[in-house]
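Below is one structure; the comments refer to it alone.
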Amino acid sequence: MNAPETLVAGIGSPLGDDRAGWLVIDHLADIPQLTARLRKASSPHQLIDWMTDARTLHIVDACVDIETITRIEIANPQSSNQIDSSLAEIDQLSQCHSTHHLDLRSVIELAHSLGKLPQRVVLWAVPGLYFAADQPLSERCERAIGRCAESLLEEIQ
Amino acid sequence: MTKPATRRIEVGALTRVEGEGALHVDVVGDRVARVNLAIYEPPRFFEALLVGRPLEDVPDVTARICGICPVAYQNTSIFALEQALGIEVTPEIRQLRRLLYCAEWIESHVLHIHLLNIPDFFDSPSGIDLAKRFPDEVNRGLRLKKHGNELLEILGGRAVHPINVTVGGFFRAPSRRQLLGLIDDLTWGLDASIDVARWVAGFEFPDFNQPYEMVALRHPTEYPMNHGRIVSTAGLDIEVQQYEDHFEERQVEHSTALHAVRIPEGRPYFVGPLARINQNLDRLSPTARQLATDVGITWPCFNPYQSIVARAIEVVQAYDEAIQIIKAYQPPEVARIEYEPREGEGMSATEAPRGLIFHRYRTDEQGRITFAKIVPPTSQNQGQIEWDLRELLPDLLKHDDPDIAIRCEKLIRTYDPCISCSTHFLKLDLKRR
């Protein structure tokens, strides 16, 4: 069986708006006859194992300090210049680097170093406000999740 | 009279370690006046958090101490509480727990070897840079790490912070089919891990042998993971119950983590893979023992830079043992031993990937925690790391400050410190006067 051309991976956790990545996947899972493969990740490093099977990878993750959905496309990941400018864009989105696991930027950089990045990678950053245990989804995030799922669907169908 | 020149070297934030820390060094003339490994992560007060909670909460809370080695924290607390409650688990449950430790050793050791430590031997600034130079080796490492995570998922319910383990055993025992499904991968992993050990053993190691007292568990028949007596290369041989008669945690002004020392002398000591192999070479599996002989290291080994080889041999040990356990596995009839809460006290020491870990708890008649003490491996190694740096630094002073900082960080990383665990990254601040 051929590997699906498109993989959509939502990164998240049960904490407040951090579940945005998973909820976008839930929206897409309800679409009949969707050919894209859908995965939920709790940590970015899981993407390394999944991305080798895809030609296009969409990554959805919640992000603080942004007002609207931000889309970053790495159109030609084999090019060093392209990857550098894309990583710089990701850096602008988040300065949060973990020491206990590989953050999303490091995972993309590592996958690039290993020649594992799909031909096209698109990062969808969904604006989030609350990321603590027991916090509900913020209204802004909830609206953005629906819009992100719609925009993604337009791209992958 | 001319005042000696002052030099201060600072590593503001240590890199490629788990957690956040800094290094401050003061040099007066050619004398190293001060070496402080400053852990500035805020204290996390896990012990205080546990007091007053039902004992059933403890494994879930202690697992949160570390995202890399939750199994060791979780299980050490479970073993201590089982002692307090007088619970004896079945041999089948015990084997499953050992398998859980194998899984954690594989994922933790492989991560440290490939992404944190090997870059030092190639003057590579990061694991990502190393991946450009050695893609096949890094890919192999990632595949090995994945095996550890998969095994953890099957046994613990998820790869990080397992939820399937509890006081008395497991909420649900895995099926034989689930575990046998990993055998092909684990068999590949055993061969691959032997190749990793041979590769790292061929690196060039700085000559830095020191008169360490190395402390580890030793079991009558097993390679030490979750049980044993506490032994040292200085002749210590005690029951776990005597731990606090020989070791003490002390507060130091420059760090939010406690420093554990040997008492009464107050001297530092060394825990971790090198300490384990040095005292348990005869407990390694035949494959791992043969490898330890073949790699050309004379055991016992007192060069911390060669910890990477010990770590790699332990990965082989973990694969070898995991395969044996899985092949013989039959799901236990009872996955969890029932118990009644009672007033009691229990303690346990096990071997986390980074070294010996000690827990002690007291419970009341309702099964609530009235006292908790947790001594992580990194708080035991911190004093030894500072002592090492004081030994290393005089030979480094001819170098410029950034170069000294890099060399200090390399030595610190050999310990695979987990700073977040011990508070409960490095910044070098070197002052030359």
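Here are the numbers for the structure shown:
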read-out: Residue among B:Gly169, B:Gly156 that alone is within 14 Å of another protein chain (Cβ to nearest Cβ), buried (at least 22 other Cβ atoms within 10 Å of the Cβ) and not β-branched (Val, Ile, Thr); value: B:Gly156
read-out: Residue in region B:269-279 that is part of a helix (DSSP H, G or I), among the small types (Gly, Ala, Ser) and within 21 Å of B:Gly383 (Cβ to Cβ) present; value: yes
read-out: Selection from region A:69-88 of residues that are open to solvent by 20 Å² or more (accessible area, probe 1.4 Å), at pLDDT 75 or above and outside any loop (DSSP other than H, G, I, E, B); value: A:Thr70, A:Arg71, A:Glu73, A:Asp84, A:Ser85, A:Ala88
read-out: Residue ranges of helices (runs of 4 or more DSSP H) in region B:101-169 with at least 3 members closer than 13 Å to B:Ile308 by Cβ; value: B:118-121
read-out: Residue that is farthest from B:Gly52 (Cα to Cα), among those in region B:296-346 that are surrounded by fewer than 18 Cβ atoms within 10 Å (Cβ to Cβ) and among the aliphatic types (A, V, I, L, M); value: B:Ala328
read-out: Single residue of region B:250-268 satisfying the filter (surrounded by fewer than 16 Cβ atoms within 10 Å (Cβ to Cβ) and not in a loop (DSSP other than H, G, I, E, B)) that is modelled with the lowest pLDDT; value: B:Arg250
read-out: Qualifying residues in region B:360-389 (those that are basic (Lys, Arg) and under 22 Å from B:Glu248 (Cα atoms)) - the one surrounded by the most Cβ atoms within 10 Å (Cβ to Cβ); value: B:Arg360
read-out: All positions within region B:115-138 that are touching a Lys or Arg at 6+ places or on another chain (Cβ under 8 Å) and under 30 Å from B:Tyr73 (Cβ atoms); value: B:Leu115, B:Leu116, B:Asn117, B:Pro119, B:Asp120, B:Ser126, B:Gly127
read-out: Enumeration of residues in region A:130-149 that are of a type in the set (S, T, N, Q) and within 17 Å of A:Glu67 (Cα to Cα); value: A:Ser138
read-out: Residue among A:Leu38, A:Leu117 that is within 14 Å of chain B (Cβ to nearest Cβ), at pLDDT 85 or above and buried (at least 17 other Cβ atoms within 10 Å of the Cβ); value: A:Leu117
read-out: So B:Leu115, is it over 19 Å from B:Asp191 (Cα atoms), buried (at least 20 other Cβ atoms within 10 Å of the Cβ) and modelled with pLDDT under 95; value: yes
read-out: Qualifying residue in region B:324-339 (condition: over 21 Å from B:Tyr223 (Cα atoms) and touching a Leu at 6+ places or on another chain (Cβ under 7 Å)); value: yes
read-out: Flag if B:Arg158 is in contact with a helix residue (DSSP H, G or I) (Cβ under 6 Å, 6 or more places away or on another chain) and among the charged types (D, E, K, R); value: no
read-out: All positions within region B:112-146 that are more than 9 Å from every other protein chain (Cβ to nearest Cβ), under 19 Å from the mean Cα position of the chain (by Cα) and within 30 Å of B:Tyr329 (Cβ to Cβ); value: B:His112, B:Ile113, B:His114, B:Gly141, B:Leu144
read-out: Qualifying residue in region B:236-249 (condition: touching an Asp or Glu at 6+ places or on another chain (Cβ under 9 Å), in a loop (DSSP other than H, G, I, E, B) and closer than 30 Å to B:Arg336 by Cα); value: no
read-out: Considering residues of region B:172-200 that are open to solvent by 20 Å² or more (accessible area, probe 1.4 Å) and of a type in the set (Gly, Ala, Ser) only, the residue farthest from B:Ile357 (Cα to Cα); value: B:Gly181
read-out: Hits in region A:24-46 - residues which are touching a Gly at 6+ places or on another chain (Cβ under 6 Å) and in a helix (DSSP H, G or I); value: A:Val24, A:Ile25
read-out: Top-ranked residue of region A:47-65 - restricted to ones that are part of a strand (DSSP E or B) and of a type in the set (A, V, I, L, M, F, W, C), ranked as surrounded by the most Cβ atoms within 10 Å (Cβ to Cβ); value: A:Ala62
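Quick grid of which residues meet (1) within 13 Å of chain B (Cβ to nearest Cβ); (2) in a loop (DSSP other than H, G, I, E, B); (3) at pLDDT 90 or above; (4) in contact with a helix residue (DSSP H, G or I) (Cβ under 6 Å, 6 or more places away or on another chain):
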{"position": "A:Glu67", "(1), (2), (3), (4)": "no, yes, no, no"}
{"position": "A:Ile90", "(1), (2), (3), (4)": "no, no, no, yes"}
{"position": "A:His97", "(1), (2), (3), (4)": "yes, yes, no, no"}
{"position": "A:His100", "(1), (2), (3), (4)": "yes, yes, no, no"}
{"position": "A:Val122", "(1), (2), (3), (4)": "no, no, yes, no"}
{"position": "A:Tyr130", "(1), (2), (3), (4)": "no, yes, no, yes"}
{"position": "A:Arg140", "(1), (2), (3), (4)": "no, no, yes, no"}
{"position": "A:Ala149", "(1), (2), (3), (4)": "no, no, yes, yes"}
{"position": "A:Glu154", "(1), (2), (3), (4)": "no, no, yes, no"}
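The values are calculated or read from the model by the stated rules, or taken from the named source; none is laboratory data. Please read these numbers as outputs of a predicted model, since none were measured by experiment. A quick note on method: Cβ atoms are made from the backbone with ideal geometry, for glycine too, and the neighbour counts reach across all protein chains shown. These accessible areas exclude ligands, DNA and RNA; they are computed on the full protein's heavy atoms, side chains included. Shrake-Rupley method; radii C 1.70, N 1.55, O 1.52, S 1.80 Å.
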